[in-house]
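Some notes on the structure that comes next.
The values are calculated or read from the model by the stated rules, or taken from the named source; none is laboratory data. From a predicted model like this one, the values you see are computed outputs, not experimental measurements. Here the Cβ positions follow ideal geometry from the backbone for every residue, glycine too, while neighbour counts run over all protein chains shown. SASA here: full protein model, heavy atoms, side chains in, ligands and nucleic acids out. Shrake-Rupley method; radii C 1.70, N 1.55, O 1.52, S 1.80 Å.
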Amino acid sequence: MADSRFVYVTYIRTTPEKLWRALLDPEFTRQYWFETWHESEWNPGAAWRLMIPDGRVGHSGEVLEVESQRRLVLSWRAEFNPELRAEGDSRVTFELEPQGESVKLTVVHEIDQPDSKLVKTLSNGWPHLLASLKSLLETGESLVETRRWPKGL
């Protein structure tokens, strides 16, 4: 069990196919994830990177597990913030479960380090980001606050 853990559960009126695409496809992530996009082949063992609009790598790691439209597990290292990067690799798990006309999305971000600054920081960011994803899939528009990369970051 991880020493620091953040768990977020939400229900999104969509299909597993659409939610999966929204989590991985750069066309979607740029709309709700601060203009960022993933680069990966999405196979176990493949590298992945979350790219910042100015060309920097925001986060990176390895694809640990992929079960299309059901489960994605990544190792996660914060690259753009030296203090958070110093904590090393964390792990994020996305689980999708059909629930009638909706999909239950569970996101677990954890690290084997007590009182992790990374998990504390991400526990503030994930809810806003995932609310924007939910809004995009249900209404066609993401939340305004998550559409652009923050100035000075």
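Results, tabulated for the structure shown:
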read-out: Residue 10-residue 97 pseudo-label distance in nm [points 7 Å out on the Cα-to-Cβ vector]; value: 1.8
read-out: Heavy-atom accessible area per residue - the chain, 1.4 Å, Å²; value: 52
read-out: Lys, Arg +1 and Asp, Glu -1 on Cβ, resulting dipole of the chain about Cα centre, debye, nearest 20; value: 360
read-out: Cα-based convex hull volume of the chain per residue, rounded to whole Å³; value: 103
read-out: Semi-axis lengths, Å, region 22-67, gyration tensor of Cα atoms, sqrt of 5 times eigenvalues; value: 19, 13, 6
read-out: Region 1-48 - Rg (one decimal) and Dmax (whole number), Cα, Å; value: 13.3, 35
read-out: Size descriptor, Kirkwood hydrodynamic radius, that averages inverse alpha-carbon separations across region 67-153, Å; value: 14.7
read-out: R0 of 22 Å, Cβ-Cβ distance residue 108-residue 69: FRET efficiency to nearest 0.05; value: 0.80
read-out: Accessible-area composition of the chain, carbon plus sulfur, in percent [1.4 Å probe]; value: 48
read-out: Where chymotrypsin sites (Phe, Trp or Tyr not before Pro) in DSSP loops with at most 15 other Cβ within 10 Å are excluded, longest remaining stretch of the chain; value: 81-153
read-out: Contour excess over end-to-end distance, with Cα ends at residue 139 and residue 121 and 0.36 nm allotted per residue; value: 3.7 nm
read-out: Using a Förster distance of 25 Å, the FRET efficiency for residue 147-residue 47 (Cβ separation, nearest 0.05); value: 0.40
